[in-house]
Amino acid sequence: MITLKTKGCKVFFAALASIIGYVAWWNVYRITPLLDLPKHTVINSVAKDLVMVILALMILLIVLKPKDICSFLGLDSNLLKGFLVAIVSVLPLYIVFPLIGSINQDYSVSLFIRRCVCPGFFEEFLCRAFMFGLFFRYAKVGFFWATILPAIGFGIMHIYQGHDILSSLAAFGVTFLGALYFSWMYVAWNYNLWVPIGLHLLMNTAWGIFNVTGTEVAAGGLISNIMRIVSITLAITITVYYHRKKGEKVFDYPVFSF
């Protein structure tokens, strides 16, 4: 373990770790063929995510004690509480989508794991707990600045869902804003990583189970985006109410300071 004493060194480490994480993310697909794992399968998706998780943990071991890593990431938080917040927040999707759409008959357990469970856990682990955490919790950078690099990277990773420049930019914009939302929920619920994991997983699941115009891509359609806004508004309302009931400030941390 290395102890970095200055804030500048910690910020540099967080930035370097994030860049390494994204470069590895872009190239991890090269590893599974070496293991002779078939494409578009659960074991392939899990293997790629597991490689990235191990890499992130190895990087964290450079600056954190092993016993502190779970707490730093928020994995030791209340899982039931995290998913309860998520379930209530995304409930509008599961009420409205069946009324305006139809059930996806092609949906399967394999698709659920590959497109909901794996992205829901891995992307929140890497982008929120690891990258955002290094900037915000470790380097003590203000919330706004701490979200920028992870949010940009998170958006870039979803550009492929667009079929032209405009739709690609829309996919980037929606996922960029989503990264800000997930980061805020992560912090607001005392670094309970199961909150953004639950939100991400359950939103993706609704996008997969129901056939509604726009749910086939990250950018979404008019109805799906309206319901996404309703869900986010509900989550924010619940979070603000929770803090005020406890007599706490919602933004009890630096936001724009660097």
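Just to make sure I understand: if all protein chains stay in place, what is the order of 116, 9 by accessible area at 1.4 Å, largest first?
Largest accessible area first, the residues go 9, 116.
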Of all stretches in the chain that avoid trypsin sites (Lys or Arg not before Pro) placed in a DSSP loop and having at most 13 other Cβ atoms within 10 Å, the longest is 40-245
Among 173, 247, 198, the residue with the largest mean-square fluctuation in a Gaussian network model of the chain built from Cα contacts under 10 Å is 247
Which of 12, 143 is most accessible, then next, and so on - probe 1.4 Å: 12, 143
Quick one: putting +1 on the C-beta of Lys and Arg, -1 on the C-beta of Asp and Glu, what dipole do you get for the chain around its Cα centre, in Debye to the nearest 20? 800 debye
Taking the Cβ of residue 2 as the center, what net charge do the other residues with Cβ under 12 Å away carry, scoring Lys and Arg +1 and Asp and Glu -1? +3
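The values are calculated or read from the model by the stated rules, or taken from the named source; none is laboratory data. Bear in mind the structure is a predicted one, so any value in this text is a computation, not a measurement. Glycine gets a Cβ as well: all are built from the backbone with ideal geometry, and neighbour counts include every protein chain shown. Areas reflect the complete protein model, heavy atoms only, side chains present, ligands, DNA and RNA absent. Shrake-Rupley method; radii C 1.70, N 1.55, O 1.52, S 1.80 Å.
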